[in-house]
Structures are given as structure tokens and as C-alpha cells.
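A short reminder: the numbers here are calculations on the coordinates, not readings from a lab. Quantities reported herein were computed from a predicted structural model and do not represent experimental measurements. Don't worry about glycine lacking a Cβ; one is built from the backbone with ideal geometry, like all the others, and counts go over all protein chains shown.
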Amino acid sequence: MTTQEKAARPLVYAHRGSSAAFAEHTRAAYLQAIADGADGVECDVHLTRDQHAVLLHDATLDRTCDGTGQVADRTLEELRLLDFSSWKGARIPDAYGGKSDQFLTLPELLDILRSAGREIGLAIELKHPSPYQLKLEDRVLELLTAEGWDPATSELENVRVSFMSFSPESVKHLLKFVPQSAVCQLVDDVDVQEIREELGLGALTGGALANVLKAAQTEAERILEHGEAGLAGPGIDYVRQHSRIIRRWLDAGRRVRVWTVDSDEDVALCRDLGCQELTTNRPARVLARLAAGSQAAR
């Protein structure tokens, strides 16, 4: 695909790698994303007890491996002993490594991306609440700098690095060190009932947490309205419900990176709105859908 053709369609980021094909955040998922032709990949970062940045979405281990407990309570060496891929039930090709090779640190993902043989994006989500608070951001920036990351351009060799968080405090902290164009404020609507059910909270505790999250959402929307962050990261449900807000952000010069866009209908919606970046579990399918849409428009 030519540079002109890529510019005419949204960029496609692989959500936790090609996570529909292989277990999320694993070596196999990221190697498949590169093979699929993804323009970039997304990852979530937590800190271990010994301050390594590791690629996991949840603050706990239970959902995505054979361990239990808090990520922050484990050392990197302890995490290396766990199985992070078998739960998916997908056979991993020999070229993508064995079961013990699948768990990744942030520097290990950078090594994979530097070997892609082409320019590629990396969207790093800083996960909050974190027991290490804003030390999470500082540690990630320290690791990237040691790897050769240039804060002025937010580039590391062939890798374009951007940073994301739902936490307005995280975003404000990142903006002290990172170009505005490389900072993404994530935003989504707060569903009180969903929060209570997902976390098993009672009415009082769930309501209190929802109020905190609603306040964060309001501040996140303010950050985007005022252009403090150059990238807006709405969830696809938010895009469906608030298309007028999305258009306003686009008209004001914000880049809009939507997550998680898997269906043909959602791809079409985002493309028609003019969203510049789509994050998906299925990068090959979304790229094919965008290519088909471009051909049909000719």
C-alpha cells in the first residue's frame, strides 16, 4: 500500500496485539499484528514489585494466566513462571516462540517492533489506579529514554510512541515531558450498574466509585475540549452515543483514536465521521474492510 493510500484511510492499531487470534499482550499477538499489516500496536502497562514495566491489562493476574493476585505484588522473575497464553486455546506457531516466551516486558515489545522492518506506532496505556501512582509514568519514560526514545519527537528508531490514560492526572503529568500530539486522553461513559456488577460492589461503594469515575470523565472531556491533549481516545460506545462531540473534536483539530472497533458497522461509522485512528482486536479484517470501502468509493 502506498503512503498516499495509507493517508486516505484511518490508521489501524492492534489492540493488545492481534488479540482475536492469540492471547492478548503476548509475543504471538504482536508478531501476528505486524504480519497483519497493522500500522501500530497498543499495550497496557503495569509495574511489578521490582519496578519492571510489564504488558498486562488487568491489575490482577486471574483472568489471563494461571496465577492469582495483584501484578504489583509479584516480581518479574515470579511472573515469568506463569502461563499467559494457554487460556486462549490458540495454537502458537513455532516461529512465534514457545509458551514460556509469550509474556512480555515493555522493552521486549520494543525489540519486536524495532525488528518490524518498517515504521510502526506504539500506543502505551498507563493503567490506573496504580499502587505506584504517577511513578508508573516516570518509570515508563525512564525505560523508554534508556532505549533511545527522543522526547522531542516521541520516536524511537522506527517506532512512533504515544501515551494514553483514562486518568486526567496521568495525562497532565505526561504533558510535562511528551509532545501534545503524542498524548491521548481516553474517555468513555460511566455506567454505574455495569461497574457494580463487574467489581461485585454494593450500592454504596459502587455509587461512590462511579462518582469518582464520573468526575474523571468530566475532567477528561474538559482536557479534550480545551485541546490540552492532541489525541482523543473515545470508546466505540461513546462514539455511537456522542457523534456530535466527536465531530466537534475533529473540527477543532484533535486526532481521534477509537477503541475497540471490530465490526464492519463500527468501521464504517468511524470512517464516515472522519476518525483518524482505529484500535481493533482484528487488524487484518479491519484493514481489509477499509480497503474494500476505499475501492467502493472510487
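Miscellaneous remarks
- A152 vs. criteria assigned to a helix (DSSP H, G or I), out of contact with any helix residue (DSSP H, G or I) (no Cβ under 7 Å at 6 or more places or on another chain), surrounded by fewer than 18 Cβ atoms within 10 Å (Cβ to Cβ) and on the phi < 0 side of the Ramachandran plot: no
- Residue match in the stretch 236-252 (condition: part of a strand (DSSP E or B), touching a Ser or Thr at 6+ places or on another chain (Cβ under 8 Å) and under 20 Å from E42 (Cβ atoms)): no
- Residue that is surrounded by the most Cβ atoms within 10 Å (Cβ to Cβ), among those in the stretch 279-289 that are aliphatic (A, V, I, L, M) and closer than 13 Å to A33 by Cβ: V286
- Residue, surrounded by the most Cβ atoms within 10 Å (Cβ to Cβ), within the stretch 92-134, restricted to residues that are closer than 27 Å to K176 by Cβ and basic (K, R): K127
- Residues that are under 24 Å from A116 (Cα atoms) and in contact with a helix residue (DSSP H, G or I) (Cβ under 8 Å, 6 or more places away or on another chain) number at least 3 in the following helices (runs of 4 or more DSSP H) confined to the stretch 1-87: 27-36.
- Some residue of the stretch 247-259 being free of Cβ contacts under 8 Å to residues at least 24 places away in the same chain and surrounded by 14 or more Cβ atoms within 10 Å (Cβ to Cβ): no
- Checked against (1) surrounded by fewer than 19 Cβ atoms within 10 Å (Cβ to Cβ); (2) within 19 Å of L231 (Cβ to Cβ), C270 passes all but a single condition, namely (1).
- Identity of the residue in the stretch 29-39, surrounded by fewer than 24 Cβ atoms within 10 Å (Cβ to Cβ) and in contact (Cβ under 8 Å) with a residue 40 or more places away in the chain, that ends up nearest to S86 (Cα to Cα): L31
Residues checked against (1) touching a strand residue (DSSP E or B) at 6+ places or on another chain (Cβ under 7 Å); (2) at negative phi; (3) outside any helix (DSSP H, G or I):
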site: L204; (1), (2), (3): no, yes, no
site: A210; (1), (2), (3): no, yes, no
site: E221; (1), (2), (3): yes, yes, no
site: V256; (1), (2), (3): yes, yes, yes
site: C270; (1), (2), (3): yes, yes, no
